[in-house]
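Data block below; observations after.
The values are calculated or read from the model by the stated rules, or taken from the named source; none is laboratory data. Because the structure is predicted, anything quoted here is derived from the model rather than measured. Quick reminder, even Gly has a Cβ in these numbers, built from the backbone with ideal geometry, and neighbours come from all protein chains shown. Quick note on the areas: whole protein, heavy atoms, side chains included, nothing else; ligands and nucleic acids left out. Shrake-Rupley method; radii C 1.70, N 1.55, O 1.52, S 1.80 Å.
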Amino acid sequence: YFDTHTHGDVMSYYTNDADALRMMLSQSLPQVVQSILSIVFVSLSMMYQSLLLTAIVIAFSFFMMKLVGVVAGKSSGYFMSAQRSIAGMNGYIEEMINGQKVVKVFNHEEKAKEAFDLRNEELCSNVSNANKYANMMGPVIGNIGNLQFVLTAVLGGLLSVTGVGGI
């Protein structure tokens, strides 16, 4: 493994993966537990109030999850490409620094700069696309949530005024 991967690649994977794991354990895991408990108790409360409105909320929730899956799928591909680009960039930089004398002796500075610029542009493109899709998710979910709120409020109001549905 170490013969086929540069030191920069190994260091980059180690650093980035360890940081991602730390973030997951410290932030995401407690949030997942809290969210699951909230979903269970809110769902039970909604079912107690109105099964029809609960069905509407569940239908919208499945639609939102499907939409999030599509956007997150596109974003995750770019995030993985960005991680590979970072690893490639770190490996290239590490090789150029260690081989600096050889680069100078063979007058390879301009070619090394061009190769660095290509890697840097690839990294920039991958990170930009990943962030574009990741930042798109919040407003899309927010607007669908607002639409769900309006629909549920109007239908709940109609059911309450007409006395249908046990509200």
Quick one: go through the range 31-72 and flag any residue whose amide nitrogen is under 13 Å from the point 7 Å out along the Cα-to-Cβ line of Met136.
67-72
Tilt of helix 109-162 relative to the longest C-alpha principal axis of the chain, in degrees (0 to 90, nearest 10)?
0
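Given R₀ = 22 Å, FRET efficiency for Ser61-Ala153 by Cβ-Cβ distance, to 0.05?
0.85
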Round to a whole angstrom and tell me the spacing of the C-alpha centers of the range 41-69 and the range 104-167.
23
Below 8 Å, C-alpha to C-alpha, sequence gap of six or more: please give me the relative contact order for the chain in percent.
37
With each pseudo-label sitting 7 Å past Cα toward Cβ, what's the Arg22-Leu52 distance in nm, one decimal?
5.4
Judged on accessible area alone, 1.4 Å probe, highest first, Tyr1, Tyr13, Tyr48 line up as Tyr48, Tyr1, Tyr13
Per residue solvent-accessible surface (Å²) - the chain, probe of 1.4 Å
72
Accessible surface of the chain [probe 1.4 Å, protein heavy atoms]: carbon and sulfur percent
68
To the nearest 0.05, the calculated FRET efficiency linking Asn120 and Val33 through their beta-carbon distance, R0 being 25 Å, is 0.05
